[in-house]
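The values are calculated or read from the model by the stated rules, or taken from the named source; none is laboratory data. Computed from a predicted model, the values in this text were never measured in an experiment. Here the Cβ is made from the backbone with ideal geometry for all residues, glycine too, and neighbour counts use every protein chain on show. For accessibility, only protein heavy atoms count, side chains too; no ligands or nucleic acids. Shrake-Rupley method; radii C 1.70, N 1.55, O 1.52, S 1.80 Å.
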Amino acid sequence: MIDFEEELKRFAPAPEVDQTAETVIGRDMTDLTDLLLQIASQNGGGRA
Amino acid sequence: MSAQTAQEKLHRLSLAYYNEGLEQARVRNLTGAVGSLQMSLRCDKYNKDARNLLGLVYFATGELVSAVSEWVISTDEFPEDNIAAEYLARLQKHDSWLDRMNGCIRKYNQALRQLESGEEDVAVLSLKSCVGTFKNFLRALQLLGLLYMKRGETGRALKILKRALEIDPGNPVSQRYMQELKETEGYRREIRRVRRDKRRAAEASASETEADAYRADVIIPTYRETGMLWKMALVLVAGLILGAMIIYYGVMPEIVRGVKREAADTVISYNSKLAMKDAEREGLEFEVSQLTQDVEKLTAELETYTGDDGIIRNYNQLLECVAVYLDGNDLAAMDLFVDIDPSLVTYEGFTRTYASLERALGIGDYGRMYQAGVTAYASGRHEVCIAYLKRALAIAPDSADALYYIAHAYEKNGQPQEAWDTYDRIKRDFPAYAKIGEVEARLAVLRDYAH
C-alpha cells in the first residue's frame, strides 16, 4: 500500500531552462578513467 | 595491468554500455537506457555518442534541462561534427516552444509548492495544465497519477499512468503506481465501467451504421476551435523534431550497423570464397605434386628400360651376343655376355636364351672365366676383366688370384677405393697368398683410401 505523503516527498523540483548553465557547471565530470590516471600518477606510473 | 591497458578496457566498457543503452532506447526502455548511458559516461566521459543519446533519452522523458545540459557538454567537448549542436540549434530555432515547455516545468514546480502548502486541488489543476502542454513530461504525469490515486479518481489515474507507461514502459515508479492502482476496488469498478461503455458504444455504432445509410447525402457542418489549429501545429512541430532526433539516434545507428553487418557479411562471403579458392588451389597443388611424383616414378621406370643399364639395353646386348656367338667369335660373345644383367629381365624367353648362351659359352667354367678376365686385363679392357673375374669368383670364391686381378683392374680403371678394398680383402682373407708382398705394397700406395 502506497504511503501517499511519503511518496509525494520523493518528487523533487525540476530544473528550469535558465538553470542549465548552473547544472552544467556544477556537474562532477570525473570518470573512472580520471580516477585510474590519478591512481597511476600517485603510484608513480604517470599518465599512460 | 598497466594504466594504459586499464584505460583501454574502460573505453571498451564505455562502448559496451553505450551499445546496451542504445538497444534499450530502441525498445523504449528509457529508464534502463539512462542507467546504461550514465555508466558508459562514468567509464569514459568523452564518449560523445553516449552523451548525445543520453540527452535524447532525457528529452524523450521531458527532462529538458538534463537533455540540454548533456548536449551543451557534448558540443563543448566536441565542437566539430557533433549532432548535439544541431539539436541545440533546433531548440533555439523553436524558442517559443522552449518557453512553453519551460512554463510547464514552472507549473510542475509550482504544483510541488502548492502540495507542500496543502493546496492539493490547485496542484492538480497546475499539473493538468502542465501535462496538457508538455505531453511527455514523465515526472509530472507520475505526480498527477499519484494525486488522482490519492483522491480515489481511479479512471483519471489510470489514463494518466497509461500515458506515463507509454513514454517509458519500464519505469519502476510508473509500474509501481499502476500495480497499486490495479489492486484497488476502484480499478475493478473502472474496468467494468469501461467494458460496459465499450459494449454500449459498439451497439450504438451498429445502429449508427444503419442510420448512416439514410443520411449519406446530408452534409453535417463541423465546428473547431480556432485555437486548436495552432496547438496542433505546435504539437506537430515538436513531434517532428523529437521524431527526427529519435530516428537519427535510434534508427541511424541501426542502419549504420546494418550496413556494417552487410559489409561484414560481404567480407565473410569473400573470405569463404577465398578459403574455397585456397582449398581448390591446395587441391590442385596436391594433384600437381602427385602427378609430379607419378611422372618421376614413370621416368625412373622408363629409365630401367632405356637407361645405360636398362632392360632394353640388356635385350640388345643379349641379341648382339647371340649374333656374335653365331658368327663364331666366342671371345667377343663372352665379352658381351658378361656385361648382361639378367636380374633386370623377367621375360621367360630372355631368361631361357640367356641360360642357353651361358652354357654354350662355358660361362659357368671357372678356368674359362678366369682366363678371359686375365686376357681382358692384358688388352686394357679393365671393365670386362672385372666382369669376367667376378663371374669366376662366383664359381670359386676362394680365388685370391681372381681378386688380385680385379684389384689391379680397379686401380687401372680409376677406381682406387674399390682397389684398396679388394687388396685389403686379400690381405685379410688370404694372408698366406703368394703375392701378399705386392698386395701390401699397393695398400701402402693407396693408404689414403684406407678406412
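The candidates B:Ser379, B:Ser129, B:Ser69, B:Ser343, arranged from most to least accessible area with a 1.4 Å probe in the full protein assembly, appear as B:Ser343, B:Ser379, B:Ser129, B:Ser69.
Working note: Karplus 6.51/-1.76/1.60 with θ = phi - 60° gives the range A:23-28 the couplings 4, 5, 5, x, 6, 7 Hz, where Gly and Pro are set to x. Across peptide B:61-70, the average count of Cβ atoms from other chains found within 10 Å of a residue's Cβ is 4. Normalised by residue count, the range B:1-77 yields a Cα convex hull volume of 69 Å³ per residue. Note on B:144-150: average number of Cβ atoms from other chains within 10 Å of each residue's Cβ is 2. Note that the range B:147-161 has calculated 3J(HN,Hα) couplings of 5, 4, 4, 4, 8, x, 8, 4, x, 5, 4, 4, 4, 5, 5 Hz, one per residue in order, obtained from phi through the Karplus relation 6.51 cos²θ - 1.76 cosθ + 1.60 (θ = phi - 60°); glycine and proline are x.
Calculated translational diffusion coefficient of the range B:99-207 (20 °C, 1.002 mPa s; Stokes-Einstein with Kirkwood radius over alpha-carbon pairs) equals 145 µm²/s.
Given a 1.4 Å probe and the protein chains as shown, B:Asp424 ends up with an accessible area of around 40 Å². When B:Glu86, B:Glu296, B:Glu153 are compared by accessible area of protein heavy atoms, the largest-first order is B:Glu296, B:Glu86, B:Glu153, using a 1.4 Å probe.
Report the local net charge at B:Cys104: Lys and Arg +1, Asp and Glu -1, summed over other residues whose C-beta lies under 13 Å from its C-beta.
Details: positive: B:Arg100, B:Arg106, B:Lys107, B:Lys128, B:Lys135, B:Arg139; negative: A:Glu16, B:Glu63, B:Asp99.
Charge balance near B:Cys104 sits at +3.
Ranked by the mean number of other Cβ atoms within 10 Å per residue, highest first, peptides A:10-16, B:199-205 order as A:10-16, B:199-205.
Return the calculated 222 nm mean residue ellipticity for chain A, to the nearest 500 deg cm²/dmol, obtained by summing -39500 (n - 2.57) across DSSP H runs with n ≥ 4 and dividing by the residue count.
Numbers: 3 runs with 23 residues, N = 48.
Counting only the DSSP helices, I get -12500 deg cm²/dmol.
Diagonalising the gyration tensor over the Cα atoms of the range B:311-449 and scaling each eigenvalue by 5 before taking the square root yields semi-axes of 31, 14, 13 Å, largest first. Taking a straight Cα-Cα cut-off under 24 Å and skipping sequence neighbours fewer than 8 places away in the same chain, the lysines within cross-link reach of B:Lys435 are B:Lys390, B:Lys412, B:Lys427. A straight Cα-to-Cα reach below 19 Å connects B:Lys198 with the lysines B:Lys159, B:Lys162, residues fewer than 8 places away in its own chain not being considered.
Roughly how much accessible area, to the nearest 100 Å², goes out of reach of solvent when B and A pair up, both sides summed, probe 1.4 Å?
3000
Got the relative contact order for the range B:3-93 handy, in percent, Cα pairs under 8 Å and 6 or more residues apart? Could you put the intermediate results ahead of the total?
Details: 101 pairs, mean separation 18.2, N = 91.
20 percent.
Computed FRET efficiency, Cβ-Cβ of B:Lys427 and B:Arg352, R0 25 Å: what is it to the nearest 0.05? Calculated value: 0.05. For the residues of A:26-35, the average number of beta carbons from a partner chain within 10 Å of their own beta carbon is 5. Once C-alpha pairs closer than 8 Å and six or more residues apart are averaged by separation and normalised to the residue number of the range B:120-207, the relative contact order reads 21 percent. Which lysines, on any chain, are close to B:Lys107 with Cα under 19 Å apart, when same-chain ones fewer than 8 places away are left out? Within the straight-line limit of under 19 Å, B:Lys107 reaches these lysines: A:Lys9, B:Lys128, B:Lys135, B:Lys231. For the range B:3-93, carbon and sulfur atoms together expose 50% of the accessible surface, with a 1.4 angstrom probe and every protein chain in place.
Averaged across orientations, what area in nm² does the convex hull of the alpha carbons in the range B:6-128 project?
Working: hull surface 37.0 nm².
One quarter of the hull surface, i.e. the mean projection, equals 9.3 nm².
Here the extension length gained between B:Phe78 and B:Arg176 equals 31.3 nm, from 0.36 nm per residue of separation less the Cα-Cα distance.
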